[in-house]
1. Sorted by mean Cβ packing within 10 Å, highest first, what order do the peptides 181-188, 81-88 take?
2. Return the lysines within reach of K166: Cα separation strictly under 21 angstrom, same-chain partners fewer than 8 residues apart disregarded; answer none if there are no such residues.
3. Out of residues 5 or more away from D182 or on other chains, whose amide H comes under 5 Å of its own, with H placed 1.01 Å from N in the peptide plane?
4. Keeping all protein chains in place and using 1.4 angstrom, which order do M143, M225 fall into by accessible surface area, from largest down?
5. Just need the relative contact order of the range 66-170 here, percent rounded to a whole number, with Cα pairs under 8 Å and 6+ apart.
6. Which sequence of R165, R151, R180 reflects their accessible areas, 1.4 Å probe, from the largest down?
7. Skipping prolines and chain starts, which residues have an amide H placed within reach, meaning under 5 Å, of the one on S20, given they are 5 or more residues away or on another chain?
8. Leaving out ligands and nucleic acids, note down the accessible area per residue over the range 1-115 with a 1.4 angstrom probe, in whole Å².
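The values are calculated or read from the model by the stated rules, or taken from the named source; none is laboratory data. Remember, predicted model here, so these are calculated numbers, not experimental data. Cβ: placed from backbone, ideal geometry, glycine included. Neighbour counts: every protein chain shown. Each accessible area value is taken on the protein alone, full model and side chains, heavy atoms only, with ligands, DNA and RNA left out. Shrake-Rupley method; radii C 1.70, N 1.55, O 1.52, S 1.80 Å.
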Amino acid sequence: MGQKVNPYGFRLGITTDWKSRWFADGKEYTDSLLEDWQIRDYLRRQLPHAAVSRVEIERTRDRLRVDVYTARPGIVIGRRGAEADRLRQGLYKITGNPKVQFNIQEIKQPELDATLIAQGVADQLAGRVSFRRAMKRAVQTAMKAGAQGIRVQCGGRLGGAEMSRKEWYREGRVPLHTLRADIDYGGAEARTTFGRIGVKVWIYKGEILPYKSAAEDKITREAAMAVGETAGGEATPRRRVVSAGGGRRRREETVEVPVEAGAEVPAEEATPLVKEADPELERLLAEEEEIERRTRQGQHHEAPKFHSDDE
C-alpha cells in the first residue's frame, strides 16, 4: 500500500507556512482548534460559488484576523459591502470576539491555483462535461498560464461506469519528492447523478531557493560597496518572508480588496474557473468523444466493427 503525504504538509516550515497562526495551551488549544474548523466550515457553506481557495486565520492576544483568498471578490463583498458585513456578523456569533478582522484577498492568477483548478474541473463534471475533456482543458489552462508542470486526477464512477476507477493526465514536471519544489496541491468533489467524483490537482511552479537568494543579495551588497555606494539605504534588500502556499510568489499574486470597493458585483465574476481550450484542441476532444460514443454503442460483448461507409 502506498503511503501518501499531502504536498503542503510535507513542505510545512520549509517552503510553506501554517494556515492557522496562533499559540495556545491546554483547553484553550482545543477551543481554538474547534473554532478554526467552524470558521472554515461556515465560510465554505456560505460561499459555495465564490471560488475560495483557502482561509487563513491569525490570532493575537484579543484580536482575530480571517483572510479569505478568492478569485471572485465581488461575490464575497456583495453590493455596497452587505455580504461582507453579514459574514462578519456570522464570524462574531461563532467566535464571540467583537474585534474580528475580515479581509478579502483577490487571487490575480486563478489558473495557477490548484484548489481553484480542481473546483473548475468538478463544476464541469457536475455539468455533464466529459471527464477527459475537463481534465485536458485544465492541463492546457495551467500550462498556458506559466506552470512548469501539472497533474490532474479524477477518481470515481467516471462516465457513469459500474465500477469506479482513477484516471489522470500529466504535462511537464511534477517533482513531489523535492522539498524545494513549489508544489501547489488542491482537491474538490463533483456531485453527479451517479455518485461523487473526486478531483486532485498538483501544480509545479518552480523551485524556491532562499539560500541562493541570500547569496545573490550578499553579492549585490558587496558590488555596491565596491563602487562606493553605501550598503544600507534603499538598495538594501528586505528579508524574505515565506508565506502560506508557495512563498513570496503567492503573496505577489494576491491583492487585498477593500470592502468599500464592492458597490457592484463585476460582470466577469460569473466566468468559469477553467475556460475552454483552443479551438483545435476542442475539435480533437469532440472527435475523441464521438469515437468513444460510437464504439460504446457498437459493443455487444464482441469487438467493434468499423466499415468504410462510416468514414
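1. Descending packing order for the listed peptides: 181-188, 81-88.
2. K4, K136, K200
3. Those lying under 5 Å, H to H, from D182 are K205, G206, E207, I208.
4. Largest accessible area first, the list is M225, M143.
5. 20 percent
6. R180, R165, R151
7. Long-range HN contacts for S20: I57.
8. Numbers: 6550 Å² over 115 residues.
Averaged over the residues of the range 1-115, the accessible area is 57 Å².
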